[in-house]
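Student: The structure is given below, and queries will be raised subsequently.
The values are calculated or read from the model by the stated rules, or taken from the named source; none is laboratory data. Note that the coordinates shown come from a computational prediction; the quantities given were computed from them, not determined experimentally. Here Cβ is always computed from backbone atoms with ideal geometry, including for glycine, and neighbour counts include all displayed protein chains.
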Amino acid sequence: MQIDLRGRTALVTGSTQGIGAAIAAGLARAGARVAVNGRSEERVRAGAAELEREVPGAEVVPVAADVTTQEGALRVVEALPQVDVLVNNLGVFGAADPLEISDDEWRRYFEVNVLAAVRLIRLFLPGMTERGWGRVQNIASDSAIVVPAEMIHYGMSKTALLAVSRGFAKQAAGTGVTVNSVIAGPTHTGGVRNFVYELVDRTLPWEEAQRAFMRRYRPQSLLQRLIEPEEIANMVVYLASDQASATTGGAVRADGGYVDSILP
């Protein structure tokens with residue numbers, strides 16, 4: 001399949017590392033002009049430089065802004081007035097005793113994982129519909145469906161993203177704009193590596209720790225390994241393409257068979 005995103009501008013939030021960086025690289029390889037986003041000027045510049053090294057000739061736009069705030073979101077729009085592909089990847093996660101999660105922490109997860117995405121969709125969707133083409137993707141998680149006992153607040157936020165995606169897909173009905181969520185399974189990133197070591201013996205070598213984590217906490221994974229970020233990026237690049245024009249309002253799985261369900 002030849003995916004050609006030349007002439008398209010993509011914004012990937014939280015794209016200085018991990019899944020976001022892999023998505024940015026995948027979109028750049030397909031020819032898109034890609035905006036790398038994060039809160040820190042230094043990290044954004046470093047992330048943009050790394051993307052330029054990884055994808056020679058890529059057109060990269062560094063956009064340092066905290067999209068969890070209205071001011072930050074408006075700063076993004078000022079730097080990048082037109083976006084054709086919006087990937088809301090930014091998110092926080094962590095393990096916590098459900099009975100010890102404070103009100104402020106519940107609010108923080110909603111603000112970062114849900115409202116930041118809603119805010120950017122609200123800002124960029126009108127331009128997409130006016131031009132008659134656009135792609136919005138919200139990076140969700142298997143935790144949206146199989147809520148882990150140690151991550152209820154995270155699961156709540158990702159479940160909300162599924163509803164956000166479906167609702168905005170209805171708002172964009174018939175316009176040529178698609179809105180989907182991507183259900184990412186347990187993925188090998190630096191943050192997840194730290195998370196794994198919070199739950200298993202820190203003295204174990206990484207490969208052994210990873211297997212122990214999957215056996216104990218994610219036994220239903222059919223891959224029986226962590227997913228690599230590039231595997232999530234492949235799904236995002238496809239959904240950003242013209243070839244995915246009939247896929248909208250969906251919760252598309254790149255979860256390694258983790259969710260024991262036929263749909264979504």
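Residues are listed down the side, and each one gets a yes or a no for (1) in contact with a helix residue (DSSP H, G or I) (Cβ under 8 Å, 6 or more places away or on another chain); (2) at negative phi; (3) of a type in the set (Asp, Glu):
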site: 136; (1), (2), (3): yes, yes, no
site: 142; (1), (2), (3): no, yes, yes
site: 145; (1), (2), (3): yes, yes, no
site: 148; (1), (2), (3): yes, yes, no
site: 154; (1), (2), (3): yes, yes, no
site: 185; (1), (2), (3): yes, yes, no
site: 194; (1), (2), (3): no, yes, no
site: 206; (1), (2), (3): yes, yes, no
site: 229; (1), (2), (3): yes, yes, no
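Student: Ok, one more. May I ask you to list pairs of residues, at least six apart or on different chains, whose Cβ atoms are under 7 Å apart, with the first in the range 176-196 being in the same structural domain as residue 95 (by TED's automatic domain parsing) and part of a strand (DSSP E or B) and the second being modelled with pLDDT under 95 and surrounded by fewer than 19 Cβ atoms within 10 Å (Cβ to Cβ)?
Tutor: Going by the 7 Å Cβ cut-off, the qualifying pairs are 183/264.
Student: Might you let me know whether the range 161-172 holds any residue that is among the hydrophobic types (A, V, I, L, M, F, W, C), without any contact (Cβ under 8 Å) to a residue 12 or more places away in the chain and closer than 23 Å to residue 14 by Cβ?
Tutor: Yes, there is a match, as at least one residue in the range 161-172 is among the hydrophobic types (A, V, I, L, M, F, W, C), without any contact (Cβ under 8 Å) to a residue 12 or more places away in the chain and closer than 23 Å to residue 14 by Cβ.
Student: Filter the range 105-127 down to residues that are touching a residue at least 40 places away in the same chain (Cβ under 8 Å) and among the charged types (D, E, K, R) and give me whichever is nearest to residue 12 (Cα to Cα).
Tutor: Ranking the qualifying residues of the range 105-127, first place goes to 119.
Student: Do you know which residues across the range 31-70 are among the β-branched types (Val, Ile, Thr) and surrounded by 17 or more Cβ atoms within 10 Å (Cβ to Cβ)?
Tutor: Listed by number, the residues that qualify are 34, 36, 44, 55, 60, 63, 67, 68.
Student: Another question, if that's okay. Scan the range 212-219 and tell me whether some residue there is outside any strand (DSSP E or B), in contact with a Ser or Thr (Cβ under 6 Å, 6 or more places away or on another chain) and surrounded by fewer than 20 Cβ atoms within 10 Å (Cβ to Cβ).
Tutor: Scanning the range 212-219 turns up no residue that is outside any strand (DSSP E or B), in contact with a Ser or Thr (Cβ under 6 Å, 6 or more places away or on another chain) and surrounded by fewer than 20 Cβ atoms within 10 Å (Cβ to Cβ).
Student: Being in contact with a Ser or Thr (Cβ under 7 Å, 6 or more places away or on another chain) and in the same structural domain as residue 32 (by TED's automatic domain parsing) narrows it down to one of 157, 165, 241, so name that one.
Tutor: 165
Student: Among what's in the range 170-211 and is more than 28 Å from residue 241 (Cα to Cα) and in contact with a Phe, Trp or Tyr (Cβ under 8 Å, 6 or more places away or on another chain), pick the residue that is surrounded by the most Cβ atoms within 10 Å (Cβ to Cβ).
Tutor: 196
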